[in-house]
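Notes to accompany the following structure.
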Amino acid sequence: MEDIIELKYDEYFKQGEKIYIHLSDKENDSFNGVLHKHNFIELIYVISGKAIHQIDNQAYEVKKGHVVMIDYGVPHSFSYSPDADGDFVTFDLLFTPDLFNQYALESEEFYSLTSPYFLSPLFSELNMQQNSPRGIFKTDSVNFYNMFKEIYDEYTNREIGFRSMIGAYLIKLIIEIFREINKTHTNFTKTHYDLVQSAIDYMHENYRAHISLDDIVKGMFLSKNYFRQIFKKTTGISISEFIKDLRVKEACKLLEETEESSAEISVKCGFNDSKFFYQTFKKSVGMTPIEYRKYIRKEKNE
């Protein structure tokens, strides 16, 4: 099995920012053909050329006018097509879901945006119904190019208020993506989305305690095995992996914002075994809890 490289948050995001965008092509992209994943969301608009996108052990051609969405924690790769007309050039937009928390979006329409996996439910449901490539759609509308370019220009020029402008443009882009999908896929239903979102809500509320699959599926009238399949197909990871990632994320937050010891934080985040907490945290983040706290505080003081 091919090794999966995990890209780290701090390799791309500037201090205090939750978004990053750049122009990517075969000359400056070291990940051509490399299977990788990341703990942030990636939206790509193909400006020119062609490439093969591998995801879920499937390969799909992407070309000019395609929008590609890669959710949190999903292994994927791009391999440039040598016979393509023109170089493969894209707007490559990376962001974290908690970006939306800054804009106090209270409408139910935006609630799911704060979930790390908010794109997956939509596209897994569409794939099951339409047998279409996961997270890929073709648009002939110049609006999508313009929206990506507006975000790119704001990020590059960094004029006064650029962060607020980027947030507004990103919300507009997400809404237009959902509208585009709904126009072309009329059979879309929220059944699986609702079930998975309900489970995610439950885990967010109870990650400090022991979480059993019986508790998660209670009231769903589904077998545990069937729900495991729905959850994995929807989010791209297992329930246990999701809980682990959630606990590590909360531990990172406490390490950044409090003076509590690692042992205290491990218990607060649902890790009853401190040794397991250290091992899990280091494997996920790439450093120990103490190293992470020192690193974050050094970054904030620079």
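Since every read-out is calculated from the coordinates, none of them should be taken as a lab result. This structure is a prediction, so every number in the text was calculated from the model and none was measured. A quick note on method: Cβ atoms are made from the backbone with ideal geometry, for glycine too, and the neighbour counts reach across all protein chains shown.
Data for the structure
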item	result
Residues in the stretch 221-265 reached by a label modelled at GLN279 [backbone nitrogen below 11 Å; 7 Å Cα→Cβ]	none
Distance histogram for the stretch 193-302 (every C-alpha pair counted, 10 angstrom bins, percent rounded to whole numbers)	14, 41, 27, 15, 3, 0
Potential lengthening between GLU299 and SER81 on full extension [0.36 nm per residue; Cα-Cα distance subtracted]	74.5 nm
Protection-proxy order for peptides 36-49, 153-166, each taking the mean of Cβ atoms within 10 Å per residue, highest first	36-49, 153-166
Peptides ranked, highest mean first, by Cβ atoms within 10 Å: ranges 143-150, 65-72	65-72, 143-150
13 Å reach of a label modelled at ALA263, 7 Å along Cα-to-Cβ, counting backbone N of the stretch 276-291	none
Fewest-first ranking of SER223, SER262, SER81, using other Cβ atoms within 10 Å as the exposure measure	SER223, SER81, SER262
Simple Cβ-charge dipole of the stretch 191-301, Lys/Arg +1 and Asp/Glu -1, about Cα centre, in debye nearest 20	400 debye
Sparse-neighbour loop sites [trypsin sites (Lys or Arg not before Pro); the stretch 211-302; at most 15 other C-beta within 10 Å; DSSP]	LYS218
Sorted by Cβ neighbour density within 10 Å, fewest at the top, the residues SER79, SER141	SER141, SER79
Pair ASP10, ASP215: separation of 7 Å Cα→Cβ label points (nm)	3.3 nm
